[in-house]
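Asker: Take this structure first; my questions come after.
Read the figures in this text as sums done on the coordinates, not as results from a lab. From a predicted model like this one, the values you see are computed outputs, not experimental measurements. No Cβ is skipped: glycine too gets one built from the backbone with ideal geometry, and neighbour counts run over all protein chains shown.
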Amino acid sequence: MKKLALPLLLVSISIVSCKKVETPEPEVTKEVIDTTEIAIEEPVSIPDSATINKAWMDYMTPSDMHTNLAKDNGIWDEELTMWMSADAQPETTKATAQYRMILNGLHQEMIHKGDFMGMPFEGRGTMSFDNASQEYISTWIDNMSSGITTMRGKLDKESNVLKMEGQSIDPVTKKMKVMREVITYIDNDTHRLEMYDTGYDNVEYKTMEILLKRRK
């Protein structure tokens, strides 16, 4: 009897133990919703040949703005006042400039000659009116720098003042700096050009003023 009781006891303990084992809950798979917006590409509109041809014809045809630039053709005498820094004393000199229209009357070329710090100076500039962007664009190069300065701006027809802004590299810091140019058309034979530079303290100062008078 004792031999039978022991196996029964073991079976009973085993059954109780099995009942105490918790059945693990099945994993619930959560659905991840992708909220990323899908960019829908808009169809590319390709203009027809007639539209393209007209746009290019308008772009290459001199406008009234180019006619106004052509009025500056001739020889100009220049009186220059320069400041090497914001607190520097002004230095004065004289130069001459020749203005003419080039390339089918679309661009104005300016050749400036004079003396700067005891050395012969020559600079060449261009002034253009972009028929597409409806703004003036200028470039400048000279024999005392290996860089090119470009500026863009618009003419205030009421005040007859052209304000332009651009960038030029500083040969000392090797960084680009902001420059401004203001041209006041006093009359057909008298213009005033003012240049503004950015100092090493990042403060703007007036670096040059040129009074141009057309040679009669």
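Asker: For a label point 7 Å from the Cα of M65 along Cα→C-beta, name the residues of the range 129-154 whose backbone N is under 20 Å from it.
Answerer: 129-140, 149-154
Asker: So what is Rg over Rh here for the range 40-101, counting just Cα atoms and using Kirkwood for Rh?
Answerer: 1.37
Asker: Under the 0.36 nm per residue contour assumption, what length would be gained going from the current alpha-carbon distance of W56 and T190 to full extension?
Answerer: 44.8 nm
Asker: If you consider only alpha-carbon coordinates, what radius of gyration and Dmax does the range 63-216 have, in Å?
Answerer: Computed over the Cα atoms of the range 63-216, radius of gyration and Dmax are 15.4, 44 Å.
Asker: To the nearest 0.05, what FRET efficiency results for I40 and M84 with a Förster distance of 41 Å applied to their C-beta separation?
Answerer: The pair I40/M84 has a calculated efficiency of 0.10.
Asker: Between T126 and D156, what length comes free when the chain is fully extended (0.36 nm per residue of separation minus the Cα-Cα distance, one decimal in nm)?
Answerer: 8.8 nm
Asker: Would you mind checking the pairs K54/K177; K94/K174; K94/K163 and listing those with alpha carbons more than 32 angstrom apart?
Answerer: Check vs 32 Å cut-off fails for K54/K177.
Asker: How big is the charge dipole of the range 67-195 about its Cα centre, in debye rounded to the nearest 20, if each Lys and Arg gets +1 on its Cβ and each Asp and Glu gets -1 on its Cβ?
Answerer: The dipole magnitude comes to about 420 debye.
Asker: Related question: With r as the distance between the Cβ atoms of K113 and D170 and R0 = 30 Å, compute the FRET efficiency 1/(1 + (r/R0)^6) and round to 0.05.
Answerer: For D170 and K113, the calculated efficiency is 0.75.
Asker: Same structure, new question: Report the calculated FRET efficiency for S145 and I102 (r = Cβ-Cβ distance, R0 = 25 Å), to the nearest 0.05.
Answerer: 0.65
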